[in-house]
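Below: the structure, in structure tokens.
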Amino acid sequence: MAETLRRVLEPGRTAEPGEENAVEADPPLLLLGGPSSGKTALLFAAALEAAGDGRGPVLFLTRRPLQSLPNRTPAALDPLRLQKIRFQYPPSTGELLRFLCSAHETQGPAPALLLLDGLEEYLAEDLGPQEAAYLAALLLDTAAHFSHRIGPSRGCGLIVALQTPEEGDSGDALQLSLLQRYFPAQCWLQLDAPGPGQRCLRACLEPGGLGPRAEWWVAFQPDGEMTVTPWPTQACDPSPNKGSSSGGQP
Amino acid sequence: MAVALAAVTLPSVVEELLSEMAAAVREGARIPDEHLLSLKFIFGSSAIQALDLVDRQSITLISSPSGRQVYQVLGSSGKTYICLTSCHYCSCPAFAFSVLRKSDSLLCKHLLAVYLSQVMSTCRQLSVSDNQLTEILLMEKKQEA
């Protein structure tokens, strides 16, 4: 799902020939960042992006309702796009698992994009490595089932946001490297030096071994407006990953 | 093999081997010994154990009218395990330890048996209702807990 996120970060980008239908080549993406690093805002922007391109609905899973629309762009205020975003609020890990296990029982058009915000809150319920792997595998399996329902030409994407664990916690590092197995594409968000009244972030997208790594500078104004500019250099050191000992990086 | 391997796709060498084995089966030929040796080379003792599971028809493909599918493998100990093939997941302890934790195996014998049974078209088929499939997937969670 690197492509959806790339379109959020590069407005006006058009898919290269063959890219649009390359579902297989657009693996599930893990959006990683510390607290208040704009993960929800980027997920919501991805939801709006997918809702605007004439495809099926977008399913947004989160533990609690968003307090306000995270970004006030024209797209965010477009009722036709907002109508296509369906929110579900599984209150516990058990309820999230039940939702994913029974996703094939739901009627209506299958979602074109499945989003989960705050995976760390569900993992916090004392999930062992295998249970965490089952949750990740069920997310992929649910997206694969939605893809099957949509048909062969276009699949259902999957983006999951996870608050990065504190460095030095070996249990969390194991969990992160385990999740990275299931999410080959990753986008790291790091807080950067803020400007006056702004919150600034560095977004580093690693699309999972296919395309080149790319970086952007994302700034949030006090009113929630998000501006994105390409990072001056295209080389990036994914330093937040150094906490995971075995590492998911080649 | 210290680097965590992606759980979404099989390495291309395995994909190639499986598709060559599938081609041999389609033509009605025996699977050539060299393919079986390659399998042993890549997967070690799991290859023999997986072939044994296939011979015993221990793999069941469970599907519901929705089109969702899950594999159930009856292990040599008599326990059944759930395998998802949309990504690599098996509920057995070897998968948790050797594949997820240590990253020193590509697949457990149950997942390999699922792929081999697909190649050899020897899966047993079981149709259940959508609701029953939900319960099978949820049961997995309850067993772990």
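One table, with the values for the structure above:
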| item | result |
| --- | --- |
| Given (1) modelled with pLDDT of 90 or more; (2) in contact with a strand residue (DSSP E or B) (Cβ under 8 Å, 6 or more places away or on another chain), number of the condition B:Glu34 does not satisfy | (2) |
| Selected residue [in contact (Cβ under 8 Å) with a residue 60 or more places away in the chain and within 14 Å of another protein chain (Cβ to nearest Cβ)] from B:Ile42, B:Ile82, B:Ile62 | B:Ile62 |
| Subset of segment A:186-207 [more than 24 Å from A:Glu3 (Cβ to Cβ) and assigned to a loop (DSSP other than H, G, I, E, B)] | A:Ala193, A:Pro194, A:Gly195, A:Pro196, A:Gly197, A:Gln198 |
| Test: residue in segment A:32-47 that is farther than 19 Å from A:Thr227 by Cβ, modelled with pLDDT under 90 and assigned to a helix (DSSP H, G or I) | no |
| Residue satisfying condition, being in contact (Cβ under 8 Å) with a residue 40 or more places away in the chain, within 12 Å of chain B (Cβ to nearest Cβ) and either assigned to a helix (DSSP H, G or I) or crowded, with 21+ Cβ neighbours inside 10 Å (or both), within set A:Leu59, A:Leu100 | A:Leu100 |
| Some residue of segment A:159-173 being free of Cβ contacts under 8 Å to residues at least 12 places away in the same chain and either among the aliphatic types (A, V, I, L, M) or in contact with an Asp or Glu (Cβ under 6 Å, 6 or more places away or on another chain) (or both) | no |
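The values are calculated or read from the model by the stated rules, or taken from the named source; none is laboratory data. On a predicted model such as this, the values are computed, not experimentally measured, just so you know. Every residue, glycine among them, receives a Cβ derived from its backbone with ideal geometry; neighbour counts consider all protein chains shown.
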